[in-house]
Amino acid sequence: MSFGTAIRTVLRRYADFSGRAERPELWWWLLFVILVAGALDLFSIIPLGTGSVGTILVGLWGIAILLPTLAVGVRRLRDTGRGWPHLLWALVPIAGLVVLGVLWAQPGTAARGVSTQPA
């Protein structure tokens, strides 16, 4: 799956928590999220009251991508044979993100009724 395909897939399935997500879909999405947040943060040089335009833009970006990020994370966990409660690891500072990264990096399991053996 290419970068553009992964982004389109996640945005098309914006709030779809059903199904599965392959590794590239999740990792390309997370790279996209980080790159856009970094680009928006460049606007931090523009002051606005006690904050900056960049801070506001990054905050709005975070709110906008929260649901699709949770959805692709749940679909990725499902692909590894785990359930959505594992996403709660994200609430544990630092270690939780490490655990999630390890879980998300695992290879996917075969879907029920689908053989992984070559014909």
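Pull up all non-local amide H partners of THR109: gap of 5 or more, or a different chain, and H-to-H distance under 5 Å with H placed in the peptide plane.
Under 5 Å from the amide H of THR109: THR80, GLY81.
Would you look at the GNM of the chain, springs on alpha carbons closer than 10 Å, and say which of LEU31, LEU66, LEU88 moves the most?
Maximum fluctuation in the GNM of the chain, among the listed residues, is at LEU88.
What residue among ARG12, ARG23, ARG82 shows peak mean-square fluctuation when the chain is described by a Gaussian network model with Cα springs under 10 Å?
Ranking ARG12, ARG23, ARG82 by mean-square fluctuation puts ARG12 first.
Along the Cα→Cβ direction, 7 angstrom out, place labels at ALA90 and THR50. What is the inter-label distance in nm?
Roughly 2.9 nm, to one decimal.
Angle, helix 3-12 long axis vs. longest principal axis of the chain, Cα atoms, 0 to 90°, nearest 10?
For helix 3-12, the angle is close to 90 degrees.
According to the Kirkwood expression over distinct Cα-Cα pairs, how big is the hydrodynamic radius of the chain, in Å?
On the way: mean 1/r = 0.0636 Å⁻¹.
By the Kirkwood definition, the hydrodynamic radius is 15.7 Å.
Angle between the Cα long axis of helix 23-41 and the longest principal axis of the chain, 0 to 90 degrees, nearest 10?
0
Considering Cα pairs under 8 angstrom that are at least six residues apart, work out the relative contact order of the chain and quote it in whole percent.
Numbers: 121 pairs, mean separation 31.4, N = 119.
For the chain, the relative contact order is 26 percent.
Out of ASP16, ASP79, ASP41, any idea which swings most in a Gaussian network model of the chain, alpha carbons joined below 10 Å?
Answer for the Gaussian network model of the chain: ASP41.
Any idea which of MET1, ILE63, ALA37 is furthest toward the positive side of the dipole for the chain, if Lys and Arg beta-carbons carry +1 and Asp and Glu beta-carbons -1?
MET1
Using the Cα centre of the stretch 3-105 as the reference point, and only Cβ charges (+1 on K/R, -1 on D/E), how large is the resulting charge dipole? Debye, rounded to the nearest 20. Don't skip to the answer; put the middle values down first.
Numbers: 9 positive and 5 negative charges, 71 e Å.
With Lys and Arg at +1 and Asp and Glu at -1, about 340 debye.
Where a number appears in this text, it was derived from the coordinates with a stated rule and is not lab data. Quick caveat: nothing in here was measured; it's all calculated off a predicted structure. All Cβ positions, glycine included, derive from the backbone under ideal geometry; neighbour counts span all protein chains shown.
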